[in-house]
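Before any comments, here is the structure.
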Amino acid sequence: MQLFYNPNINENTESFSFDKEESKHIVKVMRKKGGDILHVTNGLGVLFTTEIILGSDIKCTVKIVSFEKTPLPKYQLHLAVAPTKMNDRYEWFLEKATELGISEITPIICDHSERKFVKTDRFDKIIQSAMKQSLQVYLPKLNEPITFKDFLKTTPDGLLLIAHCEETDKKSLKSVLKTNENITLLIGPEGDFSIKEIALALEKKYVPVSLGNTRLRTETAAIVACHSVVFVNS
């Protein structure tokens, strides 16, 4: 099955048309024609089965034949991850985390961040592509970049964790994870969180955790954390 994405459809939609780029891909590359079936999600947990009624490479139009709702996962994983110096490494993290089943992502700007400015337009496209490739019907929420201090002013529910490399008392990630529990986990930049940032997080009741015995790159740490949570809940 190949999955397509259209955020503007819902259970009341009867028919819709793909944009020019997607239409060309469907008709010219995939060689789909009138009467063929396409599967589409709106990223909100609904899988639509559609039938092509106009196989134009400029405006491919389909009618909705049926739809199926997928319940939300029993847990939500929110990773707040500092942008990496090289964009392609952060993009790799976004792709793999989406494939694994992350719920929400926030780029956080920290004291030691080498990249202070982030454009999310390309990030959105990478997440959408990874969702379709992995045949998922929930699109992870990508938030706009925010400073570490401002992020700590938010009040997420569930388990609050911060992974850092300082030689202090920390619990292993696997020892604190439970099934069906919402989790917010902070991952710092290449230079790690500052001592001040760690102290601020602890004041906000974040639990310090270790991701293993080796020092991990930012994007690797994020994927290790994401996989651990998914594994515990599988």
Open item on the list: Looking at (1) at pLDDT below 95; (2) under 15 Å from Ile105 (Cα atoms); (3) open to solvent by 60 Å² or more (accessible area, probe 1.4 Å), which one does Pro156 not meet, given that it meets all the others?
Closed with: (3)
TODO: Can you run down the residue pairs with Cβ atoms below 6 Å, 6 or more apart or on separate chains, where the first is in region 6-26 and in contact (Cβ under 8 Å) with a residue 40 or more places away in the chain and the partner is β-branched (Val, Ile, Thr) and assigned to a loop (DSSP other than H, G, I, E, B)?
DONE: Phe16/Ile9
TODO: Filter region 120-132 down to the residues that are touching a strand residue (DSSP E or B) at 6+ places or on another chain (Cβ under 8 Å) and of a type outside the set (A, V, I, L, M, F, W, C), then identify the one that is surrounded by the fewest Cβ atoms within 10 Å (Cβ to Cβ).
DONE: Asp124
- [ ] Within region 15-26, identify whether any single residue is under 18 Å from Met1 (Cα atoms), over 29 Å from the mean Cα position of the chain (by Cα) and buried (at least 18 other Cβ atoms within 10 Å of the Cβ), and answer yes or no.
- [x] no
- [ ] Answer yes if at least one residue in region 155-162 is touching a Pro at 6+ places or on another chain (Cβ under 9 Å) and over 30 Å from Met1 (Cβ atoms), and no otherwise.
- [x] yes
Open item on the list: Could you go through region 72-90 and let me know if any residue there is of a type in the set (Phe, Trp, Tyr), open to solvent by less than 10 Å² (accessible area, probe 1.4 Å) and either under 23 Å from Glu14 (Cα atoms) or in contact with a Phe, Trp or Tyr (Cβ under 8 Å, 6 or more places away or on another chain) (or both).
Closed with: yes
Task: Flag if Lys33 is open to solvent by 30 Å² or more (accessible area, probe 1.4 Å), at pLDDT below 95 and more than 28 Å from the chain's Cα centre (by Cα) - done: yes
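Please go through region 96-112 and give me each residue that is more than 23 Å from Gly45 (Cα to Cα), open to solvent by 10 Å² or more (accessible area, probe 1.4 Å) and assigned to a loop (DSSP other than H, G, I, E, B), ordered by number.
Asp111, His112
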TODO: Could you check Ser56 against (1) among the small types (Gly, Ala, Ser); (2) in a strand (DSSP E or B); (3) open to solvent by 10 Å² or more (accessible area, probe 1.4 Å) and say which number it fails?
DONE: (2)
TODO: Count, please, the residues in region 172-212 that happen to be open to solvent by 40 Å² or more (accessible area, probe 1.4 Å), charged (D, E, K, R) and modelled with pLDDT of 95 or more.
DONE: 5
Task: Residues located in region 169-196, provided they are of a type in the set (D, E, K, R) and over 16 Å from Gly212 (Cβ atoms) - done: Asp169, Lys178, Glu181, Glu190, Lys196
Task: Filter result for the condition that a residue is free of Cβ contacts under 8 Å to residues at least 12 places away in the same chain and either within 19 Å of Val224 (Cα to Cα) or outside any strand (DSSP E or B) (or both), over Arg31, Arg89, Arg115 - done: Arg31
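The values are calculated or read from the model by the stated rules, or taken from the named source; none is laboratory data. Treat the numbers as computed from the prediction; the structure is a model and nothing was measured. Ideal geometry is used to build each Cβ from the backbone, glycine not excepted, and the neighbour counts take in all protein chains shown. The area values use the complete protein model at the heavy-atom level, side chains included, leaving out ligands, DNA and RNA. Shrake-Rupley method; radii C 1.70, N 1.55, O 1.52, S 1.80 Å.
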